[in-house]
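Report on the structure given below.
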Amino acid sequence: MAWHPHGHLLASASYDGDARTWRDAGDGDWDADTTLPSAHAGETVWSVAWRPGDGGALATAGGDGGVRVWVRAEEKKGGGDGGDWRLAAAAVGGHGGRPAFDLDWGEAGIASCGGDDAVRVWGVAESEGGGAGEATRLPLVAAASPSPPCEVNCVRWCPTDPGLLAAACDDGAVRLWRLGGRVAGGG
């Protein structure tokens, strides 16, 4: 799950293959806002992340190994937060057909990790927004694998150092990479 940067929306991932957004109904309840059905070809949606700053786009990571970026296609009539989403950019099979377990969207790009024993960073500045009906391909900026190889379950950008990325692996270690090279490891 991920809070929208302005706090009025919550995005969730799901085993049913859909990603959803939820809005504050103002009475202490949260209502379903929109659904991105079959966000990853019916495979589990493992993780969601909002674009930093304005929250104008939502990234998803899925069981199909893909990373996708979604933008609002149409706002709900009468205002509000609802409306349809459209696929703007994607790295289809970006993790070699293995699941993409997690992602985090930071200033340096979208970091993702998965069952292919890799951490990948995808560029978004030029690719986000997609043309009419066509999603653009997310460019791969960097990739790294832990040594020894093992699945990578979680990635997070450092909030105070935009190029520093932490990754948690199946071997129990947390590894740190600076975009452009690994800086440290831990266990």
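The values are calculated or read from the model by the stated rules, or taken from the named source; none is laboratory data. Since the model is a prediction, treat every value here as computed from it, not as a measurement. No Cβ is skipped: glycine too gets one built from the backbone with ideal geometry, and neighbour counts run over all protein chains shown.
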For region 64-74, indicate whether the set of residues that are surrounded by fewer than 19 Cβ atoms within 10 Å (Cβ to Cβ), closer than 17 Å to residue 45 by Cβ, charged (D, E, K, R) and at pLDDT 90 or above is non-empty. no
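Quick check on my filter: what residues within region 2-31 are in a strand (DSSP E or B), modelled with pLDDT of 90 or more and not aromatic (Phe, Trp, Tyr)? Spell out how you get there, then give the answer.
Restricting attention to region 2-31, the residues satisfying the condition of being in a strand (DSSP E or B) are 2-3, 9-12, 19-24, 30-31.
Still in the running and modelled with pLDDT of 90 or more: 2-3, 9-12, 19-23, 30-31.
Within region 2-31, 2, 9, 10, 11, 12, 19, 20, 21, 23, 31 meet the criteria.
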Across region 33-61, what is the number of residues that are more than 16 Å from residue 137 (Cα to Cα) and part of a strand (DSSP E or B)? 10
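Can you tell me which residue is nearest to residue 10 (Cα to Cα) among those in region 34-59 that are of a type in the set (D, E, K, R) and surrounded by 15 or more Cβ atoms within 10 Å (Cβ to Cβ)? Walk me through it before giving the result.
Step one: filter region 34-59 for residues of a type in the set (D, E, K, R), giving 43, 51, 54.
Okay, now just the ones that are also surrounded by 15 or more Cβ atoms within 10 Å (Cβ to Cβ), so 43, 51.
Numbers: 43: 21, 51: 13 Å.
This residue is 51.
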In region 144-161, residue modelled with the lowest pLDDT [restricted to those that are closer than 17 Å to residue 110 by Cβ and in contact with a strand residue (DSSP E or B) (Cβ under 6 Å, 6 or more places away or on another chain)]: 144
Run down 35, 44, 60 and say which single residue is free of Cβ contacts under 8 Å to residues at least 60 places away in the same chain, touching a Phe, Trp or Tyr at 6+ places or on another chain (Cβ under 6 Å) and among the β-branched types (Val, Ile, Thr). 44
